[in-house]
Amino acid sequence: MESPGPVPGPARPLPLTVLLPIAGNLDITPDDPRWIGAWWGGFLLCGALLFFSSLLMFGFPQSLPPHSDPALESEQAMLPEREYERAKPSNGVLRHPLEPDSSASCFQQLRVIPKVTKHLLSNPVFTCIILAACMEIAVVAGFAAFLGKYLEQQFNLTTSSANQLLGMTAIPCACLGIFLGGLLVKKLSLSALGAIRMAMLVNLVSTACYVSFLFLGCDTGPVAGVTVPYGNASAPGSALDPYSTCNKNCECQTDSFTPVCGADGITYLSACFAGCNSTNLTGCACLATVPPENATVVPGKCPSPGCQEAFLTFLCVMCVCSMIGAMAQTPSVIILIRTVSPELKSYALGVLFLLLRLLGFIPPPLIFGAGIDSTCLFWSTFCGEQGACVLYDNVAYRYLYVSIAIALKSVAFILYTTTWQCLRKNYKRYIKNHEGGLSTSTEYQDIETEKTCPESQSPSEDSFVRS
């Protein structure tokens, strides 16, 4: 009896020298939907820029030099000692009554955070400005996240072309808008009321630009088996099925989307679904309305009439919309800083950025993504499981995608209007005076009352809530 031979082990992966020639012989180009470029290049570039820019942060001193106001010192010298003597940090800046003492323990400083946060959020101007900023950022986070995909579907662009156009137009225009917004605030010396009026005007103009997007787009066009039946694009009530008698023996797969445009002006999901029996995309059996010798297809979707002109108009409006919409950022920050006392400005900015990330960056992409998926016409399948959407209803996609952005912009305008009403009716209550002190309001009078009544505070609070 012969001994069995060696048991074969698991298959080893091919070495890199073998895989490279195989990858180099792929007959696809960047215009092919299956093309995957160097996606990691952007991360390396951004990481390098962040690293080198962080080196400049080491140039800041450990603490800033103290700044003294001669007029304030002379005024304090004329008052009794008990009137102006306040606990000061090492840099000489007066501390807010609700600001935690640096000498207090970590637990005591954490206990005062809810009180400071409640004090800030109880200011309607501060709260409305933060929520309006969240709505503005939500438009950017949700709309811009899917803008490349939107351009691909609406205007039949490739992924690389869509991303390049966005990088060369929308982003530079947004940067220019931020600069122009700050320049206008400085040149016009806008007060808080002027800044909120500017934010309202900018919001209205940018919303009008988004409304124009509802009319700038292209239709999905006829797609065999998805929007129109095979063989007759005008037959009403026919069953829509990507599989037909002309391609039943081709064993076509739906795990990828490689559209081709037939000589009959109809888009097919792939050359296989068009019934092509050769690699040169000729002799396609599903093109029944054209002579057999002309039954050919070309890669890509069939172009829609007037789509190129609509895309150029969309690109111009997008540049204007990005620039004007970004001009509202500087006025919003100016108003937010002027509604809080100098001692709480840093914490107020921290609350702003926290809420921007919680409300402005996390929910909007989920909302936009769910809305976009609801307009899908055809899903890819892989091993019997549903994959990604490969074909959308462009009209429904455009209306839903743009309408969500318009709704967010409208909410921001309502919040800006509420802020304007509060400032117009009681300006001195919400805006601090020129020296940065507290204005007369019931809220701040209550704080001053707590300062003059130390017996009403617990011993633990007296160590970190001081004047």
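Say each of LEU214 and LYS345 gets a label point 7 Å from the Cα, pointing the same way as Cα to Cβ; how far apart are those two points in nm?
4.2
Gain in length, LEU176 to GLN62, computed as 0.36 nm per residue apart minus the alpha-carbon separation, to one decimal in nm? Please list the in-between numbers first.
Values: separation 114, 0.36 × 114 = 41.04 nm, distance 3.30 nm.
Stretched out fully, the LEU176 to GLN62 stretch lengthens by 37.7 nm.
List the residues whose amide H sits under 5 Å from the amide H of ASN156, counting only those 5 or more places along or on another chain, with H placed 1.01 Å from N in the peptide plane.
none
Please tell me the relative contact order of the range 328-414 in percent, rounded to the nearest whole number, where contacts are Cα pairs under 8 Å and at least six residues apart.
Numbers: 45 pairs, mean separation 15.1, N = 87.
Value for the range 328-414: 17 percent.
Quote the convex hull volume per residue of the range 146-254, based on C-alpha atoms, as a whole number of Å³. List each step's numbers first, then the result.
Values: hull volume 15.8 nm³, N = 109.
So the per-residue hull volume is 145 Å³.
For a quick check: with amide H placed at 1.01 Å from N, whose amide H comes under 5 Å from VAL228's, ignoring anything fewer than 5 positions away on the same chain?
When sequence neighbours closer than 5 places are left aside, the close amide H contacts are VAL223.
What is the gain in length, in nm to one decimal, between LYS115 and LEU366 on full extension, counting 0.36 nm per residue of separation less the C-alpha to C-alpha distance?
On the way: separation 251, 0.36 × 251 = 90.36 nm, distance 3.25 nm.
Residue separation times 0.36 nm, minus the Cα-Cα distance, leaves 87.1 nm.
Express the C-alpha Rg of the range 292-349 as a ratio against the empirical globular expectation 2.2 N^0.38 Å, rounded to two decimals.
Working: Rg = 24.9 Å, N = 58, 2.2 N^0.38 = 10.3 Å.
This ratio for the range 292-349 stands at 2.42.
For the range 230-389, what is one quarter of the convex hull surface built on the Cα atoms, given in nm²? Let's see the in-between values first.
Working: hull surface 59.9 nm².
If I average the Cα hull's projected area over directions, I get 15.0 nm².
Tell me, what HN-Hα J-couplings in whole Hz come from the Karplus equation 6.51 cos²θ - 1.76 cosθ + 1.60 at θ = phi - 60° for each residue of the range 248-255, using x for Gly and Pro?
Residue by residue, the range 248-255 yields 5, 8, 8, 6, 6, 10, 10, 7 Hz.
Rank these residues by their accessible area, most exposed first, probe 1.4 Å: ILE36, ILE431.
Values: ILE36 135, ILE431 15 Å².
Descending accessible area places them as ILE36, ILE431.
In Å, what Kirkwood hydrodynamic radius results for the range 271-319 from the alpha-carbon pair distances?
Working: mean 1/r = 0.0772 Å⁻¹.
That comes to 12.9 Å for the range 271-319.
Counting Lys and Arg as +1 and Asp and Glu as -1, what is the net charge of the other residues whose Cβ lies under 15 Å from the Cβ of PHE273? Present the calculation step by step, with values, prior to reporting the outcome.
Details: positive: LYS248, LYS301; negative: ASP241, GLU251, ASP255, ASP264.
Its environment carries a net charge of -2.
From the backbone phi of the range 117-124, what are the Karplus-calculated ³J(HN,Hα) couplings (6.51 cos²θ - 1.76 cosθ + 1.60, θ = phi - 60°) in whole Hz, Gly and Pro given as x?
Here the 3J(HN,Hα) series is 5, 5, 4, 6, 6, 6, 7, x Hz.
Could you list which residues have their amide H under 5 Å from that of GLY387, counting only those 5 or more apart in sequence or on another chain, with H placed in the peptide plane?
So GLY387 has HN proximity to SER380, THR381, PHE382.
So what are the ³J(HN,Hα) numbers for the range 413-428, from phi and the Karplus equation (6.51, -1.76, 1.60; θ = phi - 60°), rounded to whole Hz, Gly and Pro as x?
Values, residue by residue: 5, 4, 5, 4, 5, 4, 4, 4, 5, 5, 5, 5, 7, 8, 5, 5 Hz.
Could you state how much accessible area SER374 has, in square angstrom rounded to the nearest 10, with a 1.4 Å probe and all protein chains kept in place?
Ignoring ligands and nucleic acids, SER374 comes out at about 80 Å².
Projected area of the range 99-169, taken from the Cα convex hull and averaged over every viewing direction, in nm²? Write out the running numbers ahead of the final one.
On the way: hull surface 33.0 nm².
Mean shadow area of the hull around the Cα atoms is 8.3 nm².
With Kirkwood's inverse mean 1/r over C-alpha pairs for Rh, give me the Rg to Rh ratio of the range 317-438, two decimals please. Please report the intermediate quantities before stating the final value.
Working: Rg = 20.8 Å, Rh = 18.1 Å.
Rounded to two decimals, Rg/Rh equals 1.15.
With every protein chain present, what is the per residue accessible area of the range 153-243 (1.4 Å probe, Å²)?
On the way: 4490 Å² over 91 residues.
It amounts to 49 Å² per residue over the range 153-243.
Which whole-number percent of Cα pairs in the range 223-323 have a distance greater than 23 Å?
Values: 1681 of 5050 pairs.
Every Cα pair in the range 223-323 considered, those over 23 Å come to 33 percent.
What accessible area per residue, rounded to a whole number of Å², is obtained for the range 307-376 using a probe radius of 1.4 Å? List each step's numbers first, then the result.
Details: 3080 Å² over 70 residues.
For the range 307-376, the solvent-accessible area averages 44 Å² per residue.
The values are calculated or read from the model by the stated rules, or taken from the named source; none is laboratory data. Since this is a predicted model, take the numbers as computed values, not measurements. No Cβ is skipped: glycine too gets one built from the backbone with ideal geometry, and neighbour counts run over all protein chains shown. We work out accessible area using only protein heavy atoms, side chains counted, and drop any ligands, DNA or RNA first. Shrake-Rupley method; radii C 1.70, N 1.55, O 1.52, S 1.80 Å.
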